[in-house]
Amino acid sequence: MTSIVLFLRLSLALTLLSAVADRFGLWGELNNFDITWGGMHRFHQDVEGLTPWLFSAAIPALSWFVTLLELLLGIALLLNYKSALAALLSGVLFLIFALSMSFFLSTKLMINFNVLVCSASALLLWQLEKDRTCQDGSKTQG
């Protein structure tokens, strides 16, 4: 079971950290076929498309908040620091992203980008970490 948990943690961490790296242009410029953003300006545009109900002045703040949250969650998962909480928050974040994509962009894109799979994986990791913590607690008490 521990190898599955490790695989889930590392996969989710790399997914989150890769998205952050893309927003900072670390993967390259937008004209490359495998680059989604290539910088924060393009990410602001995507966030605006996912949150049409939000006033424009708040888009940069939300974009930076999500980026910082993804960075912290990715690092926490990578370092196995409070991984159950990081997994739960990641699962909720991916689910919000999936629902926003489905409602405001395209359900097909949401499926193609495997956002639901990321959410389900994070929530599975949360459950596994929670169960492991409960088992560890019962071993020390018993």
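Of the listed residues Asp131, Asp46, the order by accessible area with a 1.4 Å probe, largest first, is Asp131, Asp46. Carbon and sulfur together cover what percent of the accessible area of the chain at a 1.4 Å probe radius? The computed percentage sits at 70. Ellipticity at 222 nm from helices only: DSSP H runs of n ≥ 4 in the chain, each -39500 (n - 2.57), divided by the residue count, give -26000 deg cm²/dmol. Computed from label points 7 Å out along Cα-Cβ, the spacing between Ile35 and Leu54 is 2.4 nm.
In the context of the full protein assembly, Glu29 retains an accessible surface of approximately 130 Å², using a probe radius of 1.4 Å and ignoring ligands and nucleic acids. Between the DSSP loop rule and a limit of at most 11 other Cβ atoms within 10 Å, which chymotrypsin sites (Phe, Trp or Tyr not before Pro) in segment 32-101 are left? When the chymotrypsin sites (Phe, Trp or Tyr not before Pro) of segment 32-101 are filtered for loop state and at most 11 Cβ neighbours within 10 Å, Phe33, Trp53, Phe55, Tyr81 remain. Pick the calculated volume of the Cα convex hull per residue in Å³ for this structure from (1) 108; (2) 187; (3) 117? Identified label for the calculated read-out: (3). Using only side-chain charges placed at the Cβ, +1 for Lys and Arg and -1 for Asp and Glu, the dipole size of segment 2-142 relative to its Cα centre rounds to 320 debye. Helices meeting the span-like rule in the chain (full DSSP H runs, Cα extent of at least 24 Å along the helix axis, mean Kyte-Doolittle score of 0.0 or higher): 2-23, 59-79, 83-104. Excluding ligands, DNA and RNA, the accessible surface per residue across segment 1-136 is 60 Å² with a 1.4 Å probe. Comparing Gly74, Gly38, Gly91 in a Gaussian network model of the chain (Cα springs below 10 Å), the most mobile by mean-square fluctuation is Gly38. Between Ser106 and Ala84, the distance separating the two model label sites (each 7 Å from Cα on the Cα→Cβ line) works out to 4.0 nm. For the chain, the relative contact order is 25 percent, taking Cα pairs closer than 8 Å that sit 6 or more residues apart in sequence and dividing their mean separation by the residue count.
The values are calculated or read from the model by the stated rules, or taken from the named source; none is laboratory data. No experiment lies behind these values; they were computed from the predicted model shown. Please note: Cβ atoms are built from the backbone with ideal geometry, for glycine as well, and neighbour counts cover all protein chains shown. Protein only, heavy atoms only, side chains kept; ligands, DNA and RNA dropped before computing areas. Shrake-Rupley method; radii C 1.70, N 1.55, O 1.52, S 1.80 Å.
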